[in-house]
Amino acid sequence: MSQKRIILFSGKGGVGKTTVSAATGLKTAELGKKTIVLSLDPAHSLADSFDLDEKTRLSAKGLPIKINENLYIQELDIQEELDRWWGEVARFLEVLFSTTGLSDLVAQELAVLPGMEEVTGLLYINHYYRKSDYEVIILDLPPTGETLRFISMPTILKWYMKKIFKVERVIMKMARPTVGRFTDVPLPDEEYYKAIETFYENLKGVDEILIDPDITSIRLVTNPEKMVLNESIRAYTYFNMFGINTDAVIVNKIFPKEVVESCPSLKGWLESQYKYLEEIENYFKPKPIFKVPHAGRELVGIEGLRWVAEKVYGDRDPSEVFHKEQPYIFEPTEDGYLLKVKLPYAEKEYLDLYKGGEEIIIRLGNVKTHILLPKRLRDYEPVSAKWRDGYLEIKLQKED
């Protein structure tokens with residue numbers, strides 16, 4: 001089997017991200033590669049893209065649905081995933097909320113904490129990449145805000161397990177016998193912590209998979225509109241922060257000139273679109289930019305998705321890496337090292353950086369990432385930083 005590929009599709013809600021994800025999966029499957037397309041978008045319109053009936057979707061209970069010999073789709077059902085992956089953690093949370101007087105149904109809903117969908121998606125990536133025979137794994141990610149939570153989750157979990165988990169476990173073990181005498185509120189027991197530990201073990205290594213440009217690519221789906229473009233630019237900057245390779249931009253729903261000529265009232269819209277198309281070219285070059293015309297009809301079912309795949313990829317294999325660049329690199333200098341982080345459109349006044357333990361921590365607005373220093377640089381400290389050609393250059397020198 002050739003190198004497995006993971007392709008993530010991200011974009012603002014309504015840009016056609018699910019349709020492009022489904023079309024990409026269909027094309028790779030028809031090229032003979034066993035493919036699975038997973039939806040993390042809470043709206044779950046992946047099955048609708050393939051024109052599947054509601055009975056088929058509901059009977060799947062969050063498990064893969066076979067579309068053809070090489071293609072499977074999966075819409076993750078978080079309630080099913082709670083039992084499948086979270087075990088004692090979910091049961092403890094349900095009991096905890098029930099003690100406050102909430103009904104069992106409400107307690108069950110509240111047990112679905114923010115971020116569970118994203119972590120479950122990471123579990124499936126790790127599981128399918130390491131243990132399945134899928135050659136191409138495609139993720140239809142939720143809208144951009146939730147996507148940022150998804151890509152930051154490995155960093156957050158690693159930090160929690162390293163800094164908090166063991167201490168919390170010991171404290172709770174010591175406090176449980178005493179505190180339990182004075183309150184009816186349930187305290188997490190050892191089974192709860194074992195479940196978290198097992199859960200984290202199933203996630204180990206997923207961060208390395210996501211930042212390997214030969215394995216994982218993220219593709220931005222956008223429209224030629226100001227608000228959508230601005231969100232795409234911000235998302236691209238954040239993907240670089242977290243070390244994920246963006247290998248293509250797909251511009252969807254472009255009005256063809258011949259359509260506008262037959263409908264003069266669309267002339268202003270066309271001029272606006274082509275203005276933003278030019279900006280997209282300038283912002284994202286030298287990445288390939290695939291342009292998809294507005295179909296003028298609903299694109300569902302196999303034939304509709306084939307049309308989209310043809311417009312996006314033509315004769316190219318969607319599973320190839322279209323463009324590769326390192327979002328951050330370490331370069332030796334005369335008196336230390338230079339950490340170069342590609343942040344071409346970051347607003348400098350909202351950026352902060354510092355060293356925490358063995359990591360360089362970069363905060364941009366309310367988003368934070370950790371860049372682990374190589375072993376040989378663990379004793380180096382950031383002494384200065386400046387912007388050059390779209391990169392944040394951080395000078396590292398060894399402590400005296």
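Values in this text are rule-based calculations from the coordinates and carry no lab data. Keep in mind it's a predicted model, so treat the numbers as computed, not measured. Methodologically, a virtual Cβ is constructed for each residue, glycine included, from the backbone with ideal geometry; neighbour enumeration extends over all protein chains shown.
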Across segment 147-159, in residue order, what do the Karplus-derived ³J(HN,Hα) couplings come to in whole Hz, using 6.51 cos²θ - 1.76 cosθ + 1.60 with θ = phi - 60° and x for Gly and Pro?
4, 4, 5, 5, 6, 8, 4, x, 5, 5, 5, 5, 4
How much length is gained on full extension from Arg130 to Lys257, taking 0.36 nm per residue of separation minus their Cα-Cα distance?
41.1 nm
From phi via Karplus (6.51, -1.76, 1.60), per-residue ³J(HN,Hα) for segment 48-57 in Hz, x at Gly/Pro:
5, 4, 8, 6, 7, 7, 5, 4, 5, 5
Over segment 1-74, what is the mean sequence separation of C-alpha contacts under 8 Å (at least six apart), divided by residue count, expressed as relative contact order in percent?
32
Give, in nm to one decimal, the length gained when the segment between Glu80 and Lys163 is fully stretched (0.36 nm per residue of separation minus the Cα-Cα distance).
26.9 nm
With unit charges on the beta carbon (Lys/Arg positive, Asp/Glu negative), name the residue among Val321, Pro332, Ile302 whose Cα is farthest towards the positive pole of the charge dipole of segment 285-337.
Ile302
For a Förster distance of 30 Å, can you work out the FRET efficiency between the beta-carbons of Glu349 and Met227, rounded to the nearest 0.05?
0.85
Using the alpha-carbon centroid of each, what span in Å lies between segment 342-382 and segment 115-143?
27
Can you pick out the pairs among Lys368/Lys398; Lys34/Lys66; Lys12/Lys226; Lys355/Lys386; Lys166/Lys194; Lys158/Lys204 whose Cα atoms lie more than 20 Å from each other?
Lys368/Lys398
